[in-house]
Amino acid sequence: FFFFLKPAKKPAKKGQPRNANKNEIFLSASLLAQYLFAKAPVEFLEAKSSENLIEICRSVKSEFDAFIQADTPLTVRIDWKGDFAAAYIILGDRPFIVNSTRECIVARGVSLNVYLHPIIIRDGQRISCAYVELKDINREECDLLKVQLEQTLEHLILVTDDFTPMLVQVETVARLLESKSSDSLYPVKERRETLQFLRWLSDGGFIFSGLSVWKPLSESEFSEGSHQFSERDVILGIHKLSSTYGRQLAEELQEDLTLASRSDQLFSMSKLRTESLIQKRLRLVNITIRERSTDGKCVTFYQISGLLTSKALSEESSSVPILRQKLKDLLDIEGAIEQSHDYKSMINIFNAMPKEEALQLDTPDLQSLVHTALYIQNNNESAVSIREVQSGRSVLALVVIPRDRFNSETRKKLQSHIEKLFNASSESSEYYLDMSNKGFARLYFSVLVSDSFSVNLNLQSLKDDIRVLIRDWREQLRDRIFSSELFDSPHEMWNVYGHAFGEDYVKLQRTDEAEQD
């Protein structure tokens, strides 16, 4: 195979000696094959004939050459082969290509058979040259997936090209907050926490996807209620988009601006309905900073959109700027004595909360969640708390249950029940599991709700529902036996049959079927 793909000589340009442009690297089929298959899974290579591998190599080289000649930022081609599809993806190398591509493919319900991703250096430029084999896909789906991949990678190009300018803007805001005089509208402590939070984001804590600096507005425009957010001095990353995705994002940015303009908060954060197409398919986080001019006559709003990184999410909240101040305020309100049992418990509960949700909630809401978790520490039962986040786009439900009642099936039941309660789509909520307490499992469900939704629930009824949902099969059987009209002596029936059914039966049969049996 490699003998067949022998190195080719680069043809000389007309009127140019064959040894001209020695620094320009000509990619031969042989060299490409070595790049492409060097790290390919053994099973993949064993399943392919030499002819198959030659065809793959030729197709990749064809796309690579077309990419170079066309001087375009991106090339995507998908060929349907009948029992599988082959995707060829060529673009300048940059972070997040592999994960963003994989997330896009998986989101379409398509399986990956192999993902080959060599980096080829040509004239000093690093070029990502991917070959992907896809399963469970038909011809029509290939066309749709191609459009989705192009959209995802166009977003990625925007985000990575504007990464440095976004960092510069974030540092500019931090320095403005750092240089404010002591008579500023916002206390020194609040400004310090905000600027340190921004630098924490810049130090590997955030995937910056978009940034906008809105044209300053005068105080008179605010007081008269005539302000319109229509002009931006700076617009970077995905905030530039004018597509359907971009218009939806712009609408949500406007919603957050309106909320921020109606309050005097220096910092606010929300989770948008719009999902990130970069790295992870999660709802975008949007941060809004309100900055006043030195004379106090003008207000400028900064908006930063993206995702918290794994590094950021792994840090304890008690050490993260803004969150650590919220924790301090909470402990002060509670009057918790340092190093006491309640003091340590509150810190543990706070550290285990999902950070994105904790950053959106105010101190009273955080206090309510902590109380819910603390309450059940001394009671062998379930507890629940529902809080609406400031943006109104979602609610956070905390469900605490005895640890021995938790399993993946219970989690699915609880998630489904809560989603139905809020009229949310099935499996649309994000959930977080905290198993740090030996006796209890804490489950946080972040549920996306409609604009017209209002939190008005009967918590006691919800608690009763949860108690039913977390009962195991034998507890449900016991309830059925004691409420059944089929048995004259339910106590005797329970004593005889309560533990008579084997595990295989329990897995396959419902309790109403066991009652009849």
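Structural remarks
- SER270 vs. criteria within 22 Å of ILE97 (Cβ to Cβ), buried (at least 20 other Cβ atoms within 10 Å of the Cβ) and polar (S, T, N, Q): no
- Odd one out for VAL400 among (1) more than 29 Å from ILE289 (Cβ to Cβ); (2) in a helix (DSSP H, G or I): (2)
- Options GLN303, GLN325, GLN339: the member that is polar (S, T, N, Q), in the same structural domain as SER436 (by TED's automatic domain parsing) and touching a residue at least 40 places away in the same chain (Cβ under 8 Å): GLN325
- Entirely in the stretch 279-378, the helices (runs of 4 or more DSSP H) that have 3 or more residues that are under 30 Å from TRP214 (Cα atoms) and over 21 Å from the mean Cα position of the chain (by Cα): 323-334
- Verdict on GLU178 being out of contact with any His (no Cβ under 8 Å at 6 or more places or on another chain), in contact (Cβ under 8 Å) with a residue 60 or more places away in the chain and on the phi < 0 side of the Ramachandran plot: no
- The single condition among (1) in contact with a helix residue (DSSP H, G or I) (Cβ under 7 Å, 6 or more places away or on another chain); (2) surrounded by 14 or more Cβ atoms within 10 Å (Cβ to Cβ); (3) part of a loop (DSSP other than H, G, I, E, B) that GLN265 does not meet is (1).
- Condition met for SER385 (under 29 Å from the mean Cα position of the chain (by Cα) and of a type in the set (Ser, Thr, Tyr)): yes
- Some residue of the stretch 475-486 being surrounded by 11 or more Cβ atoms within 10 Å (Cβ to Cβ), of a type in the set (Val, Ile, Thr), in the same structural domain as ASP404 (by TED's automatic domain parsing) and at pLDDT below 85: no
- Meets criteria (among the aliphatic types (A, V, I, L, M), farther than 22 Å from LEU176 by Cα and in contact with a helix residue (DSSP H, G or I) (Cβ under 7 Å, 6 or more places away or on another chain)) for LEU272: yes
- Residue satisfying condition, being under 34 Å from the mean Cα position of the chain (by Cα), modelled with pLDDT of 95 or more and outside the structural domain of LYS280 (by TED's automatic domain parsing), within set ASP136, ASP79, ASP71, ASP83: ASP79
- Test result for GLN390, over 26 Å from LEU284 (Cα atoms) and outside any helix (DSSP H, G or I): no
- Annotation note: of SER425, SER446, SER436, the sole residue that is among the polar types (S, T, N, Q), assigned by TED's automatic domain parsing to the domain that holds SER382 and part of a strand (DSSP E or B) is SER446.
- Under the condition of being part of a loop (DSSP other than H, G, I, E, B) and either touching a strand residue (DSSP E or B) at 6+ places or on another chain (Cβ under 6 Å) or surrounded by 16 or more Cβ atoms within 10 Å (Cβ to Cβ) (or both), the residues counted in the stretch 74-107 number 4.
- Filter result for ILE127 (part of a loop (DSSP other than H, G, I, E, B) and either without any contact (Cβ under 8 Å) to a residue 60 or more places away in the chain or in contact with a strand residue (DSSP E or B) (Cβ under 6 Å, 6 or more places away or on another chain) (or both)): no
The values are calculated or read from the model by the stated rules, or taken from the named source; none is laboratory data. Bear in mind the structure is a predicted one, so any value in this text is a computation, not a measurement. With ideal geometry, Cβ positions are generated from the backbone for all residues, glycine too; neighbour counts draw on all protein chains shown.
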